[in-house]
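Worksheet: the structure to be examined is printed underneath.
The values are calculated or read from the model by the stated rules, or taken from the named source; none is laboratory data. Just so we're clear, the structure is a prediction, and the values are computed from it rather than from any experiment. Every residue, glycine as well, gets a Cβ built from its backbone with ideal geometry; the counts of neighbours run over all protein chains shown. Quick note on the areas: whole protein, heavy atoms, side chains included, nothing else; ligands and nucleic acids left out. Shrake-Rupley method; radii C 1.70, N 1.55, O 1.52, S 1.80 Å.
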Amino acid sequence: MNRTSFRKLLAPSVAVLALSISLTACGAGNESSADSGSDSGSSDSSDTSGGLSGDLNGAGASSQEKAQGAWATGFQGMNDGNVTVNYDPVGSGDGRTNFINGGVSFAGSDSYLNDDEGELSAAKERCNGTDPIEVPAYVSPIAVAFKLDGVDALNLDADTIAQIFDNKITKWNDPAIAEQNPSADLPDQAITPVHRSDDSGTTKNFTDYLGKASESWSYEAEDAFPVKGGEAAEGTSGVISAVSGGNGTIGYADESQVGDLSVVSVKVGEDYVAPSAEGAALVVEASPAAEGRADVDMAVDIDRTTTEAGAYPVVLLSYLIACQTYEDQAEADLVKGYLSYIVSPEGQDAASQEAGSAPLSDSVAEKAKGIVEAISAG
Amino acid sequence: MATTVVADDTGRAKPRLGDTIFSRLALAAGIIILVALAGVFIFLTIEGAPGLVKPASFYGSASTFAGYVAPLLFGTVLAAIIALVVAVPLSWGIALVVSHYAPKRVATPIAYVIDLLAAVPSVVFGLWGITVLAPKLSPVYQWLEEHAGWVPFFAGPASTTGRTILTAGLVLAIMIIPIITAISREVFSQTPRLHEEAALALGATRWEMLRLAVFPYARSGMVSAVMLGLGRALGETMAVAMVLSAGGGISFNLISNTNPASIASNIASNYREGTPGKIQVLIATGLVLFLVTFLVNFAARWVVTRNERKLAR
Amino acid sequence: MSVTTAPVRPSAESVSFTAARLPRFAPALVGVVAAAAAGLPVLLLGWGVVAWAIVAGLVFLVALPLWARVVEGSRGATDRLVTGLVWAACIVAIVPLVSLLYTVVDRGLPRISSTFLTYSMYRTSLDQEVGIYHALIGTLLITLFAALISVPIGVMAAIYLIEYGKGKRLARWITFLVDVMTGIPSIVAGLFAFALFILLFGPSTRVGIGGSVALSLLMIPIVVRSTEEMLRLVPSELREAAYALGVPKWRTIVKVVLPTALGGIVTGVTLSIARVVGETAPLLLIAGLTTRTNFNVFDGRMTTLPVLIYTQNANPGIAETAGGIRPGIEIAWGGALVLIVIVMVLNLAARIIGKIFAPKTGH
């Protein structure tokens, strides 16, 4: 009697149950076909790193999610669908924490490990005392995008950009802007700078650039945008929609997501350089390694003041963090295979096709390859 | 009916056992809730306590925890108040239309649409807020700045994108309307038909009937509905984070682009890239929100009981 | 208006037992006049349709009560005013709600296809089609288990509060704390469930049931609150009648009290499901993200629709053609539409079930 009454109370959940049971009958349409294909495929597979199976779990920067999706797809394809790569886009900070406490096998992060809060040492401990591997995953040029009726392109130097985002330059026809853009027809209109309201690696790299390349930016490089006031928006997509929704707006975002917005060419040396994959890769190659790092740690301090022709210094370098050795052979093989695929030309191509990120330059990719191929069990 | 006969056969010994089991089960359920809540509280305290006393660099431009949390708290409360002020009358209006004013043919679809809206994910509310609502409100804000700029709320400068705390409050209002409406509607329609007919028979107009027969009967439920809505408004995360142009300090200016963030949205925005120390600070703000909810509920309950006593007299 | 439907008497008739009433067509007449009156300044000043609707509404709200005041007196005027206000509130609230639904349907519908609904996101090559099947399953299962946890607890707790605990200190505390619970931000619930499962099952735990637990924290207060209110409204005469017949208390509750309140309880449960089915933050943390379909809530990651919507919107990828819609955005809107349809079906099912089991009353 009690039971029947409960069934009444559970009416909605019973409905869910009925619905889910009817669906449980079959798996996803595409997965079953992948499984059946794998039996015939694996026997004569002679791929370089094929023949793996199992689950590989990672977590980290949400900005890497689309690229990770592309890499997972490629890697799963190489192993005939016997492998599943899961990547939780929980954020760089949480990704590093998860990696350190052993929750995931690798992490994706928008900034390299440091010891400000003991993360580097903790990561070393997690990897049984060996130095953690940090290799670049891709470069992402950060574009300064704007929307201003009648103006399609602007040339600005770091000082001007810094003053715009510091609310020091407030009109589009300010002499500092006009001087650098003699041909542009600049209106007497207020500038609305748009920044990220959430903490992000993009903000950190952008403010780092402003701090190092300009004299008028007095704030530290931080994940949170330091200037009070101004328009703030959540996430890259939020910034893009805020900039395109207003007029006289200017913001910074991953170049791949800028879409129809106009972008600023940034002054490097004597020239103005528009954001591009090549320019971004160039600046990474020219940048010095972070100090006091192990050989397997490719952490780089981006050279924001480079004067090399064609280099674009407003970039974000995204990292993959893993261990040199894993206790479990299967885990080690998966991490090694996956990371090798990521830094391979195919992997870099897949990411740029799917997520629009800039591929690593050959020399950087080569060095990263050497490091990840040494991953072993032990 | 067969079951009833069986129960009658067993006489008086069995029911007592059934009663004991049933009441114990009910009590256990109540205690589980207490334990769960205590668990959340303990978790917040353990994880968040270190965040109260971090070095100044962890608190951004403020140098103390109090300075960090004050604008967030202000933003949370302000957005929730805006949401309630807008949503409560509207929800009660809809609930009355559905339960008493509209003919059934009209009432059912209205109720259905409102129920559906309770299901719209907050992300979608956020997306809609940015892409549809905010651009529409932007000219309204400019108009307000020009014509009502002397009111401190509308001092401006008006945001050109429309993503202000007023917009966030309105989105929250739309999010909590379905909750308040659904519960109010149920309690309104539970009013005994006899009470209503008695009032009408005495010559009361429909409004007087509502006031005399329906509202006193439904008061407790109406308050509950509002409290549920308030809880949602205080704790809403993603929609506020997406719609609000956050980052400012305490200000009553509702239409500028410099707004205080809310606690929940601040956690969501900054949790992802946070280092362990920063996350402790964020969890500590969560603890503050928890305490605020506690206090708000306490105050509301106090006001309600006092009014009830007054009415009883 | 069913009370006194007598038409307006000619004024010659000096003695009348019914109060004077406006004619039945009065609201319609005032409405037309108000619309026309509002049209004049709007046309002159060149305002839009929205301004016209607002002005017309205000004119209507002022004019009808004024007229009623002249004919029917102040009580009638108040009644007219309130009726107008109530309907106005309803219309004002419906506008954004319909706009929202329209937006979701408009943007989501083009993406819906059989592939979209039956494929997961697991791919082995970039040119393969993707779908949301895995997220659909994840949403249904995680929500089902959340309901399995919270409905019994919530309903039983409400029964305790109303039937057993009346006046007890414990009951007062539970009522109060349930209110406090409604204000727990979803991300805090997620963090809590995450910390709990990590503590119990090790750091690499990512399970669907963890998401269910987090969602239960958000569901329980709604279930308790709505059930409590409904139980409170069950007339005590019913209970006393049952007791008088010698029915034990628990059977009275199960057989008399709960069925009477069933409609409201079902609404509350549906509402609570609707409330959590769109949650993102708690699930991303504890249930993780995967591209595969997972039917087991006790083992392995599960993707749910809101998490999918959130992540796809945050990282929409790049459009195939310049200026086109980014693929992630399309998936996000499509997923949102599917989510709303799921809840619509649930809602409908709950209503039907509620109607079948609810006792026939005079209502």
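Gain on full extension, evaluated as 0.36 nm per residue between residue B:49 and residue B:291 minus their Cα-Cα distance, stands at 85.8 nm. Just checking the listed ones, C:177, C:285, C:215: in the Gaussian network model of chain C with Cα springs under 10 Å, the one fluctuating most is C:177. Considering region C:26-107 at the alpha-carbon level, its Rg and Dmax are found to be 15.2, 51 Å.
Just to confirm, what accessible area per residue do you get for chain C at 1.4 Å probe, in whole Å²? Intermediate values should be presented prior to the final figure.
On the way: 14950 Å² over 363 residues.
Each residue of chain C exposes 41 Å² on average to a 1.4 Å probe.
Per residue, the accessible area of region B:39-147 comes to 40 Å² when a 1.4 Å probe rolls over the protein heavy atoms.
Note on residue C:105: accessible area approximately 60 square angstrom, rounded to 10, probe 1.4 Å, nucleic acids and ligands left out.
Once C-alpha pairs closer than 8 Å and six or more residues apart are averaged by separation and normalised to the residue number of region B:21-312, the relative contact order reads 30 percent.
With the simple model of a label 7 Å out from the Cα in the direction of the Cβ, residue A:167 to residue C:98 spans 4.1 nm. Neighbouring Cβ atoms from other chains, within 10 Å of the Cβ of residues in B:199-212, number 4 on average.
Multiply the residue gap between residue A:215 and residue A:117 by 0.36 nm, knock off their C-alpha separation, and tell me the result in nm, one decimal place. The partial results should precede the final answer.
Values: separation 98, 0.36 × 98 = 35.28 nm, distance 2.92 nm.
Once the chain is fully extended between residue A:215 and residue A:117, it gains 32.4 nm.
Say R0 is 45 Å: what FRET efficiency, to the nearest 0.05, do residue A:293 and residue A:178 get from their beta-carbon distance? Computed FRET efficiency for residue A:293 and residue A:178 comes out at 0.50.
Summarising the overall dimensions of region A:141-278 from its C-alpha atoms, the Rg and Dmax are 13.5, 37 angstrom. Computed from Cα positions, the angle between helix A:11-24 and the longest principal axis of chain A comes to roughly 80 degrees. Taking amide H as placed 1.01 Å from N in the peptide plane, the amide H of residue C:315 sits under 5 Å from none that are at least 5 places away or on another chain. Each residue of region B:179-186 is assigned a 3J(HN,Hα), and the resulting list reads 5, 5, 4, 4, 6, 4, 4, 4 Hz, derived from the Karplus form 6.51 cos²θ - 1.76 cosθ + 1.60 (θ = phi - 60°), x at Gly and Pro.
Got a sec? What order do B:131, C:311 fall in by accessible area at 1.4 Å, biggest, i.e. largest, first? Walk me through the numbers before you get to the answer.
Working: B:131 60, C:311 5 Å².
Descending accessible area places them as B:131, C:311.
Can you give the angle from 0 to 90° between the axis of helix A:345-354 and the longest principal axis of chain A, with both taken from C-alpha atoms, to the nearest 10? So the inclination is approximately 70 degrees. By a 1.4 Å probe calculation restricted to protein chains, residue A:376 has an accessible surface near 50 Å², given to the nearest 10. Among C:68, C:160, C:34, which residue has its Cα positioned farthest towards the positive end of the charge dipole of region C:28-182, with +1 placed on the Cβ of Lys and Arg, -1 on the Cβ of Asp and Glu, and the dipole taken about the Cα centre? Of the candidates, C:160 comes out farthest on the positive side. Look at the stretch A:56-69: the mean tally of other chain Cβ atoms within 10 Å of its residues' Cβ atoms is 4. In this calculation the C-beta distance from residue B:301 to residue A:149 is compared with R0 = 41 Å, giving a FRET efficiency of 0.15. When chain C is treated as a Gaussian network with alpha carbon springs shorter than 10 Å, the biggest mean-square fluctuation among C:207, C:42, C:256 belongs to C:42. What percentage of all Cα-Cα pairs in region B:15-57 are separated by more than 13 Å? When all Cα pairs of region B:15-57 are counted, 67 percent exceed 13 Å. When the helices of chain A are scored as -39500 (n - 2.57) per DSSP H run of n ≥ 4 and the total is divided over every residue, the value at 222 nm lands at -12000 deg cm²/dmol.
Compute the angle between helix C:305-314 and the longest alpha-carbon principal axis of chain C, please, reported from 0 to 90 degrees and rounded to the nearest 10. It is inclined by approximately 80 degrees. Distance between the 7 Å Cα→Cβ label points at residue C:299 and residue B:215: 6.0 nm.
Kirkwood Rh over alpha-carbon pairs of region B:36-166, then Stokes-Einstein at 25 °C and 0.890 mPa s: what D in µm² s⁻¹, rounded to an integer? Intermediate results must be reported in sequence, preceding the final value.
On the way: Rh = 19.1 Å.
Taking Rh from Cα pairs, D becomes 129 µm²/s.
Shielding value for C:163-169 is 2, the average number of Cβ atoms from other chains within 10 Å of each residue's Cβ. Helix-only arithmetic for chain C: the sum of -39500 (n - 2.57) across DSSP H runs with n ≥ 4, divided by the residue total, places the mean residue ellipticity at 222 nm at -23000 deg cm²/dmol.
Cut-off under 30 Å on the C-alpha distance; same-chain residues fewer than 8 positions from residue C:355 excluded. Which lysines are left, in chain and number order? Excluding near neighbours in sequence, the set is A:8, B:104, C:166, C:249, C:255. Think of region B:21-312 as a dipole: +1 on every Lys or Arg Cβ, -1 on every Asp or Glu Cβ, centred on the Cα centre; then among B:121, B:280, B:227, B:227 lies furthest on the positive end. Remark: spin-label model distance residue B:202-residue B:56 equals 6.8 nm, labels positioned 7 Å along the Cα→Cβ axis. Surface calculation, 1.4 Å probe, protein heavy atoms: residue A:228 sits at approximately 110 Å² accessible. Calculated FRET efficiency, residue A:327 to residue C:115, Cβ-Cβ distance, R0 = 45 Å: about 0.65 to the nearest 0.05.
With the full set of protein chains in place, find how many percent of the accessible area of the protein assembly as shown is carbon and sulfur; take the probe as 1.4 Å. Of all accessible area on the protein assembly as shown, carbon and sulfur atoms account for 62 percent.
Is there a pair in A:212/A:336; A:168/A:204; A:228/B:54; A:267/B:136; A:66/A:369; A:369/B:54 whose C-alpha atoms are over 31 Å apart, and which pairs would that be?
Numbers: A:212/A:336 36 Å; A:168/A:204 20 Å; A:228/B:54 22 Å; A:267/B:136 37 Å; A:66/A:369 22 Å; A:369/B:54 40 Å.
With Cα atoms farther than 31 Å apart: A:212/A:336; A:267/B:136; A:369/B:54.
Relative to its Kirkwood radius, the Cα radius of gyration of chain C gives an Rg/Rh of 1.09.
Across all directions, the average projected area of the convex hull around the alpha carbons of chain B is 24.0 nm². Convex hull volume of the Cα atoms of the protein assembly as shown, normalised per residue: 189 Å³.
Let me know the Kirkwood hydrodynamic radius for chain A, please, with Cα pairs as the basis and the value in Å to one decimal.
In chain A this quantity evaluates to 22.7 Å.
Multiply the residue gap between residue A:307 and residue A:286 by 0.36 nm, knock off their C-alpha separation, and tell me the result in nm, one decimal place.
6.5 nm
Exposed loop positions in chain A were taken to be GluC sites (Glu not before Pro) whose DSSP state is not H, G, I, E or B and which have at most 10 other beta-carbon atoms within 10 angstrom. Between these positions, the longest stretch is A:1-214. For the pair region C:158-181 / region C:116-136, the C-alpha centres are spaced 47 Å from each other.
For chain C, with only Lys/Arg (+1) and Asp/Glu (-1) charged at the beta-carbon, what is the dipole magnitude about the Cα centre, in debye rounded to 20? Provide the component values of the computation, followed by the final result.
Values: 27 positive and 16 negative charges, 189 e Å.
Using Cβ point charges on Lys, Arg, Asp and Glu, chain C gives about 900 debye.
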